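The values are calculated or read from the model by the stated rules, or taken from the named source; none is laboratory data. Only a predicted model underlies this, so the values are computations on that prediction, with no experimental measurement involved. Neighbour counts run over all protein chains shown; Cβ positions are idealised from the backbone, glycine included. Heads up: the accessible areas ignore ligands, DNA and RNA and are worked out on the full protein's heavy atoms, side chains in. Shrake-Rupley method; radii C 1.70, N 1.55, O 1.52, S 1.80 Å.
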Amino acid sequence: MLRDILDIIFPQSCINCGGESCVEKVICKKCLDEIVVNKNLFCGECSARLPEGKKICHRECPYILGAAGNYQDEALRKLILNFKFRGVKEAGVILSRLITDYAKQINWSWGENLVVPIPLASRREKERGFNQAQVIAEAFAKKMSLETEINNLIRTKNTKPQNEISDYEVRASNIRGAFLVKRSERFDKKTVVLVDDVTTSGSTLYEAACALKESGVKKVLALTVAKA
Ligand SMILES: [Zn+2]
Ligand SMILES: [Zn+2]
């Protein structure tokens, strides 16, 4: 109600160009249409394109990467930052839509896939009030009619935010052994879609995918809104 009144007095502007926003009151149609949605899956190790959705280079990598867009894309980055750090729910709605559009056009069999969000460190989730990966994962699963598995893959330590560490080696050791599966029988022989908002060095996805594989998961598709 208050939001509606405020919208009339101060119409919200597009987070990217400052013009009038018309999609979910966050972004204008032009800026949204300019976000480039990828068409391929990628190698989790070297980002090589995998048109067939099968590993061709780094076969030892525990996951295949699906990234809807690119973090260098300014409008996409602003949507992510507004959602994650300012709690703008409408931006999250658009991100879920983008990830679903991407998912529908890549070469992947979705039947029986289990959707699992990357858990946030509990301290951070309390501060933020929500886990952005979980919000996106749940909206995505609903649109794709897939099952979710929440609170089974958990974080065992309160690691430093990965985006505050620039060195690749330090990032990898910061997150090492940070994930644990509580009930592995739920994951046995399953294909898991592991959802996160952004991937940069890939070490978070790598660690989480290793924990899933150790619990009997057959295949992991790491699905993110963007990759750096
Ligand atoms: Zn705009
Ligand atoms: Zn590779």
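Listed values, structure above:
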| item | result |
| --- | --- |
| Those residues of the range 156-169 which are under 28 Å from GLY216 (Cα atoms) and crowded, with 17+ Cβ neighbours inside 10 Å, in sequence order | THR159, GLN162 |
| Qualifying positions in the range 43-70 - touching a strand residue (DSSP E or B) at 6+ places or on another chain (Cβ under 7 Å) and without any contact (Cβ under 8 Å) to a residue 24 or more places away in the chain | CYS43, ALA48, ARG49, LEU50, LYS55, ILE56, CYS57, HIS58 |
| Listing of strands (runs of 3 or more DSSP E) fully contained in the range 176-228 that carry 2 or more residues being basic (Lys, Arg) | 219-227 |
| Flag for ALA133 being open to solvent by less than 10 Å² (accessible area, probe 1.4 Å) and under 22 Å from GLU45 (Cβ atoms) | yes |
| Single match in GLY66, GLY92, GLY87 (criterion: more than 16 Å from ligand 1 (Cβ to nearest atom) and surrounded by fewer than 18 Cβ atoms within 10 Å (Cβ to Cβ)) | GLY87 |
| Subset of the range 18-42 (residues that are in contact (Cβ under 8 Å) with a residue 24 or more places away in the chain and either within 16 Å of ligand 2 (Cβ to nearest atom) or farther than 13 Å from ILE94 by Cα (or both)) | GLU34, VAL36, ASN38, LYS39, ASN40, LEU41, PHE42 |
| Subset of the range 176-202 (residues that are surrounded by fewer than 16 Cβ atoms within 10 Å (Cβ to Cβ) and acidic (Asp, Glu)) | GLU185, ASP188 |
| Qualifying residue in the range 107-117 (condition: open to solvent by 30 Å² or more (accessible area, probe 1.4 Å) and part of a helix (DSSP H, G or I)) | no |
| Residue identified as assigned by TED's automatic domain parsing to the domain that holds ASN82, under 22 Å from ARG77 (Cα atoms), open to solvent by less than 20 Å² (accessible area, probe 1.4 Å) and not small (Gly, Ala, Ser) among LEU205, LEU212, LEU153 | LEU205 |
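So that you can scan it fast, the table gives a plain yes or no per residue for (1) open to solvent by less than 90 Å² (accessible area, probe 1.4 Å); (2) at pLDDT 95 or above:
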site	(1), (2)
ARG3	no, no
LEU6	yes, no
ILE9	no, no
GLN12	yes, no
VAL23	yes, no
LYS30	no, yes
ASP33	no, yes
VAL37	yes, yes
LEU41	yes, yes
